[in-house]
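S.K.: One structure is given below, represented as structure tokens, and several questions about it will come after.
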Amino acid sequence: MRIALPALLALALAWTLPVPASAGFPSPADWRNESIYQVFTDRFYDGDPGNNNLDGSYDPAQGARTHGGDWEGIRQKLDYIQGLGATAIWISPVLDNAYGEYHGYATRDRYAFAKQFGDIAALRAMIDDAHGRGMYVILDVITNHGGDLIDSGDPGWDSYQNPGTYTLRWRNSGNKPGAPFDNLAWYHNNGGIDDFVDPNQILGELFGLDDYKTEDPAVRDALIESHQWLIDTTDADGFRIDTVKHVELSFWQEFGPALRAYAADSLGKDNFFMFGEVFSGSSFENGKFTGTQAGGAFALDATLWFPMHFTTNGVFRDGGATEWLSGVYGDSLDYDPAARERLVQFLDNHDIARFMGFGSGADQDESKLKVGMAWLYSSIGVPCLYYGSEQEFDGGGDPWNREDMWDGQWDFGPSVGDNFHQAAPLYKHARRLHELREALPALRTGSQEEIANSSGAGLYAYYRRAAGESTCLVILNNDGVEHTLTIDPDLPGGTIHEGITGLGRTIPGSGNVTFTIGAQSAAVWSQDDVARAPWVARTWPPHDEPLGDLAGSIAVTFTEAMNEASVEAGLSVAPSFAYGTRWIGKTLVITPGANLANGTRYTVTIDESAASKAGGAGDAGRSRGTAGTLGTPFSFTFEASPYGGGVTVPAAYYASEITTGKDLITPLSLEATRPGLLDDRLLVGDTGWDRVLYHEDDGFIEMLFDYDDASGARPRSIALDREGGHFGGDLVIADNDAFLRGRLDAEHYGGVSQVAAAPGAGPEWIVAVDPTGDFGGLAYFGAPGEDVVRSLDSAGTIATFASGFSSVTGLAFGREIGFGTDLYVSTGSGTIYRVDSGGNTTVFASVAGAGAIVFDHVGTFDSSMLVLRSGGAIDKVASSGAVSSFGSGFGSFPTGDAAAIDALGNLYAVADDRIVKVTPLTLETDVDDPVPPPPAFTHALEPNRPNPFNPLTVIDFTVPGDRGRGVRAKLEVLDIQGRLVRTLVEGVVGAGEGSATWDGRNDAGDPVASGTYFVKFEAGGVEKTRKITLVR
């Protein structure tokens, strides 16, 4: 029944109140079928800059001020949210705030909207657009308090007292709450909370916010009426209710039924969802606010499941015992029966440091978050993902966990730049988990039965069952090593399918079956082979990265073969430019008709109608549209931006800059990673904070080692040992006065220990580690002003190896690309020496001002030696010793170890406290096609799937080279002794992606024994090896 507004208030507001629609957007039949995406409005997207400072709080560089996100921004990014798979959105509070607070939790006027977020038209446009997509919108609301507009002049204010005797007053008579809350008698006068127990946390002010006297019938009525108005005005589908435990239980037993009845009777919303925040790890404290659990009327539908949140983070983030989860489930009787399966599950939110937070148990470990997300979307409850988690955001506590999602001024680490990256690994992982959840009803509404847990890190396994639907077996591993689970599975005999990887296996109709789950991984098994909707695997350039050639091609690679006409019909670019298109397999190549505008940001969009060639398959439910299509638009952005830092390189290359700032301060030394370890990444010695970082090709800067030394430690030079080498595959770090070892093995990962004191303090030591074993696998070092090169072993023994160099300015080992495996030493005189394993030296070349040297082992720089020269130039030196100029204008290079070439063939050089990246375009042109194709493929060997396996495993690889060009390649399986077991691929293969299947048999066709094997892939002069496990 509608509760009437007080007469005077109704007259005052008559001009603002819309006439309620005859019916609102219908509620979902069961909220367990929904998936919530939490948006912190101010930090999501600035869709209307015109409203940014309407409340006077705009300061986008400050964490506690308004940044510009708004409802129009959410509306513009609904494609991104829907593409993820979410079906409901929880947004920040929408009402007017006392001082324009960016977060919205300091309400001033309960009948006006926060101007910095937009007006009612903008809010309704966003909500109506979401409803048009079949999505729901949940508003964050607060009934415990308003903004801080009241204080007292009495002595002792605001110390807690009960009974309250403080005389309240307005802080500013010109800034009062909107009617009818402009009545001092409607607020508690007990001062601030001194202890978070009842009644103190009910009567006292939370963080100085004016506490409503919610036990007063007039205040209750006014709060109920204002929330009814909010439902009427917005057509919202539910409320997330803040600070529930700070309001007496009897209030919720009146508030809940009144709003539930109003939403149903007035707008036809018969399942208006209300879940509360009870910030406590106690199931009893949370449960008493649900349903009729405490006796009396039905209070709230559910709560945010804080007890499970704290436990989940302890298990999946910090590696705790999986049996802890069992304990929380055991407390489910503390909740009303109707709430037990509708509690809102979450990994993090705006009040809690992010799951991937810097310094946490996950600390940028993507594999842990993947397992946590698998848990979120496969376990009982209503899942809720906090914005940015799908982009690896790693902020700490408030306000660091409220990063700008767009390219704003409050970002750091993974959140730097624009983060609406729809081809990001975790975005695609979440999308796949949503596909499974849509296709397998048991994951949404089924019962949950635990079948395995562990007293430490290890497995957690459970069934999800629903009548008439396929049973799902979920197995999660939160440990750093693989585990096995042997059970007689409650699954039909025959072929079963693992939903995340898409692989299948055959099991008997009865009897034990062993499931092997890799380290930090998850599996969802069922009899259903859930199809994948087509999507985009990658783009060129990557999202939010520069296109370094104004005439360069743009490429979109799909996950499967597409109906080319449907893709091209749905293709658009903004700002628009003339272009041509062509296809290479699954890749659409977009070729501009003329040079793009330098410095302009472009957006490429492919609309939802783009269809796969297969058609029909891949329907992921109502959030994805027509079966076999993308279902939601895909977009990515890039800037046409040749690097303008004064660098000159040949036309076949372009230069860009890795930005320094919050995460990368003062780079000094560089090293490329090796195959199988931190693939396609660059190691950076950063002297700003005495750290070694690694940099991914898509721009993330993450910490690998962090150390502090009172003597002024500096990672002046870094060198990576080969896998299984003399230093155990670890990183050797040359510091001011010592040589250190950065541990990369699982047991000591991230640890730093001293190997030896340097033979003299102060020199800028340069170190190189023998990559082949021809030099004993030792480290070798020298320095400017030193005329010798010394050797260093892992025990700390230092010996003179070679001498007569005058002043050592660079060291590097040849990479068997015509230079052999000898050590090359550049010197202050300009002479570059070649030193054999016996310490014998010969003059190799002469380069004036020679400094750091690096070898092109990929072939993108003609397999040459590259030499950094004083004055900011780089020369190429052929294996014959012939010298030619390559580039200039780089600036001032530091001494010794300032260059590296990664596995993709990019050159990095430190100059003037920044890193310049030189990327080969590797484009070819012919008479018939004057427009260059997209960049060449680069060598890659992916982890096999599944691993361990029985009986089959799939091995994906990429043959390097220009498109359409043949490359000699070999893919072999070796035993643990290095002996050939099976040749899977051999001969000339076209450059591009490929795969092979191994059935566990040798070349003779005989089954081989269980155990560890190695897959070795050689192509284009690059070799990579991965370990695989066969379990019979």
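S.K.: Only one of these conditions is not met by L744: (1) modelled with pLDDT under 85; (2) under 20 Å from T687 (Cα atoms); (3) buried (at least 17 other Cβ atoms within 10 Å of the Cβ); (4) not β-branched (V, I, T). Which number is it?
M.R.: All conditions are met except number (2).
S.K.: Take the residues in segment 263-276 that are more than 16 Å from I36 (Cα to Cα) and buried (at least 22 other Cβ atoms within 10 Å of the Cβ), then tell me which one is nearest to the chain's Cα centre (by Cα).
M.R.: Result: K269.
S.K.: With the structure loaded, tell me whether W375 is in contact with a helix residue (DSSP H, G or I) (Cβ under 7 Å, 6 or more places away or on another chain), hydrophobic (A, V, I, L, M, F, W, C) and within 19 Å of N349 (Cβ to Cβ) or whether it fails that test.
M.R.: Details: in contact with a helix residue (DSSP H, G or I) (Cβ under 7 Å, 6 or more places away or on another chain): yes; hydrophobic (A, V, I, L, M, F, W, C): yes; within 19 Å of N349 (Cβ to Cβ): yes.
Considered against the rule, which asks whether it is in contact with a helix residue (DSSP H, G or I) (Cβ under 7 Å, 6 or more places away or on another chain), hydrophobic (A, V, I, L, M, F, W, C) and within 19 Å of N349 (Cβ to Cβ), W375 comes out as yes.
S.K.: Taking segment 670-699 only, how many residues are part of a loop (DSSP other than H, G, I, E, B) and either modelled with pLDDT of 70 or more or basic (K, R) (or both)? Spell out how you get there, then give the answer.
M.R.: Within segment 670-699, the first condition is being part of a loop (DSSP other than H, G, I, E, B), and the residues that meet it are 673-680, 687-690, 697-699.
Restricting the remaining residues to those that are either modelled with pLDDT of 70 or more or basic (K, R) (or both) gives 673-674, 687, 690.
The number of residues fulfilling the criteria is 4.
S.K.: Regarding segment 700-721, can at least one residue be identified that is within 28 Å of the chain's Cα centre (by Cα), surrounded by fewer than 16 Cβ atoms within 10 Å (Cβ to Cβ) and modelled with pLDDT under 85?
M.R.: Yes; the residues of segment 700-721 include at least one that is within 28 Å of the chain's Cα centre (by Cα), surrounded by fewer than 16 Cβ atoms within 10 Å (Cβ to Cβ) and modelled with pLDDT under 85.
S.K.: Out of all the residues in segment 430-447, is one or more among the charged types (D, E, K, R) and free of Cβ contacts under 8 Å to residues at least 24 places away in the same chain? I'd like the intermediate steps shown before the answer.
M.R.: Restricting attention to segment 430-447, the residues satisfying the condition of being among the charged types (D, E, K, R) are 431-432, 435, 437-438, 444.
Then drop every residue that is not free of Cβ contacts under 8 Å to residues at least 24 places away in the same chain, which leaves none.
No, there is no match, as no residue in segment 430-447 is among the charged types (D, E, K, R) and free of Cβ contacts under 8 Å to residues at least 24 places away in the same chain.
S.K.: Considering only residues of segment 488-503 that are of a type outside the set (V, I, T) and within 28 Å of the chain's Cα centre (by Cα), which is farthest from K428 (Cα to Cα)? First the steps, then the outcome.
M.R.: Here is the first cut: in segment 488-503, the residues of a type outside the set (V, I, T) are 488-494, 497-499, 502-503.
Narrowing the set further to residues that are within 28 Å of the chain's Cα centre (by Cα) leaves 497-499, 502-503.
Working: H497: 19, E498: 16, G499: 13, G502: 14, L503: 17 Å.
Looking at the filtered set, the residue picked out is H497.
S.K.: Got a sec? Which of L5, L13 is at pLDDT below 95, surrounded by 19 or more Cβ atoms within 10 Å (Cβ to Cβ) and not acidic (D, E)? Before you say what the answer is, go through the steps one by one.
M.R.: Numbers: L13 fails: surrounded by 19 or more Cβ atoms within 10 Å (Cβ to Cβ).
After ruling out the rest, the residue left standing is L5.
S.K.: Can you name every one of the helices (runs of 4 or more DSSP H) wholly within segment 178-285 that holds 1 or more residues which are basic (K, R)? Can you show your working first?
M.R.: On the way: elements: 200-203, 217-234, 249-267.
Because the criterion is at least 1 residues that are basic (K, R), the helices (runs of 4 or more DSSP H) in segment 178-285 that meet it are 217-234, 249-267.
S.K.: Can you find, within segment 976-1007, the residue that is nearest to K586 (Cα to Cα) among those that are part of a loop (DSSP other than H, G, I, E, B) and within 36 Å of the chain's Cα centre (by Cα)? Even if it seems obvious, please write down each step before you answer.
M.R.: Of segment 976-1007, the ones part of a loop (DSSP other than H, G, I, E, B) are 976-979, 991, 999-1000, 1002-1006.
This time we only want the ones that are within 36 Å of the chain's Cα centre (by Cα), so: 976, 991, 999-1000.
Numbers: I976: 37, A991: 14, D999: 27, G1000: 30 Å.
So, considering only residues that are part of a loop (DSSP other than H, G, I, E, B) and within 36 Å of the chain's Cα centre (by Cα), the one nearest to K586 (Cα to Cα) is A991.
The values are calculated or read from the model by the stated rules, or taken from the named source; none is laboratory data. Just so it is clear, the structure is predicted and the values come from calculations on it, not from any experiment. Because the Cβ atoms are built from the backbone with ideal geometry, glycine has one as well, and the counts that use them run over all protein chains shown.
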